[in-house]
Each structure stands twice: as C-alpha cells, then as structure tokens.
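Take a look at the structure set out below.
The values are calculated or read from the model by the stated rules, or taken from the named source; none is laboratory data. Just so it is clear, the structure is predicted and the values come from calculations on it, not from any experiment. Note that each Cβ is placed from the backbone with ideal geometry, even for glycine, and that neighbours are counted across all protein chains shown.
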Amino acid sequence: MNEIANPAATPGHPSGEAWEWPEDVWRRIVERARAGRSLAPGAWPGGARCAVALSFDADHETIPLRDTDESPMRLSQGQYGSRQGIPRIRRVLDREQIPATFFYPAVSALLHPEEVRAIAADGHEIGIHSWIHERNTTLTYMAERDLSMRAADVLDRLAGRPPVGMRTASWDFSPNTLRIIQEMELLYDSSLMADDDPYELVADGNATGIVELPPEWIRDDAVYFNMQRFSGLRPYTPPSAVEEIFTAEFDGAWNEGGLFLLTMHPHVIGHRSRIVLLERLIRAIKQRGRVWFATHEQVARWCKEQA
C-alpha cells in the first residue's frame, strides 16, 4: 500500500520532450488502452429506445483523507454525503423504483458498512472506486494492483457479492489500470471517455472482452458544484443550468437510441437544492418513455451478450 512512485520513474516511461519521441513511442502510449469495437446494441431490453444508468460515487470522507488533510471541516463535508445525501438518494430511487450503481472507495465502505449493506439490500449494484480515492497515476503497478484487489475484497464482504466493475477515482486511469482490470477478471470499467456509448477495450491492439461504459465530465455533478475554500473553485453553476445540461445529454442519447450515463456524488447532489434536480430529471426521462433504467452491470452484460 505504501509503494508509491512517480510514473515518470517507472520502467518504459519515455524520456525527453514529447516532440522528441520516435513514432513507436507515441504509438505505444496511445495503444495501451484504446477504444475497440462499439458495443452499442441494436436494441435495448423490452423495446426501450434508450438505456439510463445512474451512478453515485460515494466518496464521503476519502478525498481529504487521501490528501492527508485532517481538517474536521473537510471531513464533515464528506460525512454529509452519508448522513444526508445517501438517505435522500435512496428515497428517490425507492419511490421511482429505479436501480442504480454505487461506486465505493474501500475506506468509505469501511467507515459506513451498514450503509453499503443497506444499499446492496435495496438491489443496487456496488462497484469498485479505489481504496482511499488515491491517484492511480502516482502509484507503481504493484501498489495499484494491491489496493484494487483489497478494495474488491472489502466490497465483496460488505455487499455480499463480488464487484464486477470499476470506476477509477477521479477517472485517473493509469498505464497499468487496464492490465489490473484484466487480472481481476472484471466485466466492465467506467473511467474512459472515447465514446458516448459502450465499447470494448483494446490493450496493445488486442481485444480484451472488457466493456467500457464511458462517463464524461459534462455528465458529472461535481464539476458544476464543487467548492474548495482555499482555491478559486466555486459552484458558479445554478442547479437549473445543470438540469438543462443533463436533460440535453439525455435527449441526445434518446434520439440516437444510445446510453445516458450520469455520475453523481452523495455529498454533492444530496443537498436540498440539488436533489430536486435529480427528481425532476427522472420524471422527465420517464415522461419521454421507452427507457430502460439499469445498473452498470446490467448494461454491460446486455451489451456484451448482444455483441
């Protein structure tokens, strides 16, 4: 766990400026984890025109812990996600009878084990989201591998079934992450952004069989609402504008018959002025009709089977 290194010091990392690299170097970097064939299915279950996959990254206290920040104020912001955000989200999902995927850092799950058990008992999926929200690109292969496997063991024990998918913390997908996902024999990843719809990951020119469910920063609540006291990061975007962006993204997915994947955080979307955004969005999606609400696992399995 303590084996940390600058990626520039890892074997095989090219030296010099990028414009000095020979072609084989930049081709090797590009091909390490690449989008392969599209896995967008010809049809969604039940004749649905569009699939909707709602996800919640339950970071809770892990971001300040990762930063070795012992500030009770920052830790309390994370605790809000568990204390208020998760209950509000669960009530919305229960009322609307919608399944979702919750990605947990292992430390977050260990701090709130009953929460994880309750969410799994609700029928929602629990996915891997790092050990302590670490930045994978600062880790050696062995450190990242160890943390990922330990995180999977924690979630298996608390949720009652092995996780089948991963979302790297902050979508920090290192040069080693795909290799580790293969070794863990996971069904899918949800960290890379080469498409709007599901696709197969290719490693060094070889198809992996792993489904990528692509997220995007514009379909993430945190980029609009995050706040850091001692920086210029401020929540300048009102909830109504975020709702408009998310709705436009859904409309595009529905028009194209594709996937609408939304990433949210309990300590962000769970506030009183923002949870209503999610409620209105769900109502608008249902009113549009011919929509399949599914977990990430369900979407990945369907796309893989149809392919």
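Points worth noting:
- Among the residues of region 37-73, those identified as of a type in the set (Gly, Ala, Ser) and either in contact with a His (Cβ under 7 Å, 6 or more places away or on another chain) or under 30 Å from Ala106 (Cα atoms) (or both) are Ala51, Ala53, Ser55, Ala58, Ser71.
- Residue in region 236-254 that is of a type outside the set (Gly, Ala, Ser), surrounded by fewer than 13 Cβ atoms within 10 Å (Cβ to Cβ) and at pLDDT below 95 present: yes
- Of the criteria (1) of a type in the set (Asp, Glu); (2) without any contact (Cβ under 8 Å) to a residue 60 or more places away in the chain; (3) more than 17 Å from Ala53 (Cα to Cα), which one Asp204 fails: (2)
- In region 112-127, the residues that are at negative phi form Cβ pairs under 8 Å with partners that are among the small types (Gly, Ala, Ser) and part of a strand (DSSP E or B), at six or more places apart or across chains, as follows: Glu125/Gly165; Gly127/Ser55; Gly127/Gly165.
- Scanning region 254-282 for residues that are touching a residue at least 24 places away in the same chain (Cβ under 8 Å), farther than 28 Å from Ile63 by Cα and not β-branched (Val, Ile, Thr) turns up Trp254, Glu256, Gly257, Gly258, Leu259, Arg280.
- The set of residues in region 41-91 that are in contact (Cβ under 8 Å) with a residue 12 or more places away in the chain and on the phi > 0 side of the Ramachandran plot comprises Gly46, Gly47, His60.
- Filtered residue count, region 58-95, keeping only those that are surrounded by fewer than 17 Cβ atoms within 10 Å (Cβ to Cβ) and either in contact with a Phe, Trp or Tyr (Cβ under 9 Å, 6 or more places away or on another chain) or not in a helix (DSSP H, G or I) (or both): 5
- One residue stands out in region 284-307 among those that are outside any helix (DSSP H, G or I) and either hydrophobic (A, V, I, L, M, F, W, C) or within 19 Å of the chain's Cα centre (by Cα) (or both): the one that is modelled with the lowest pLDDT, namely Ala307.
- Boolean, Ala294 is touching a Phe, Trp or Tyr at 6+ places or on another chain (Cβ under 7 Å) and crowded, with 17+ Cβ neighbours inside 10 Å: no
- Scanning region 254-283 for residues that are out of contact with any Asp or Glu (no Cβ under 8 Å at 6 or more places or on another chain), in a loop (DSSP other than H, G, I, E, B) and within 28 Å of Met227 (Cα to Cα) yields Gly270, His271.
Table: residues versus (1) buried (at least 24 other Cβ atoms within 10 Å of the Cβ); (2) closer than 27 Å to Cys303 by Cα; (3) not basic (Lys, Arg).
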| position | (1), (2), (3) |
| --- | --- |
| Arg27 | no, no, no |
| Arg34 | no, yes, no |
| Ala40 | no, yes, yes |
| Arg49 | no, yes, no |
| Phe56 | yes, yes, yes |
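- Within region 153-173, being crowded, with 20+ Cβ neighbours inside 10 Å and over 15 Å from the mean Cα position of the chain (by Cα) holds for Val154, Leu155, Leu158, Ala159.
- Neighbours by Cβ (under 9 Å, 6+ apart or cross-chain): first from region 233-253, part of a helix (DSSP H, G or I); second among the polar types (S, T, N, Q) and loosely packed, with under 13 Cβ neighbours inside 10 Å: Pro239/Ser273
- Filtered residues of region 191-220 (kept if crowded, with 21+ Cβ neighbours inside 10 Å, in a loop (DSSP other than H, G, I, E, B) and in contact with a Pro (Cβ under 6 Å, 6 or more places away or on another chain)): Leu213
- Any chance Asn226 is among the polar types (S, T, N, Q), touching a residue at least 40 places away in the same chain (Cβ under 8 Å) and surrounded by fewer than 20 Cβ atoms within 10 Å (Cβ to Cβ): yes
- Every condition in (1) of a type outside the set (A, V, I, L, M); (2) modelled with pLDDT under 95; (3) within 21 Å of the chain's Cα centre (by Cα) is met by Pro198 except one, and the failing one is (2).
- The residues of region 138-152 that are touching a Phe, Trp or Tyr at 6+ places or on another chain (Cβ under 8 Å) and surrounded by fewer than 18 Cβ atoms within 10 Å (Cβ to Cβ) amount to a single one, Arg150.
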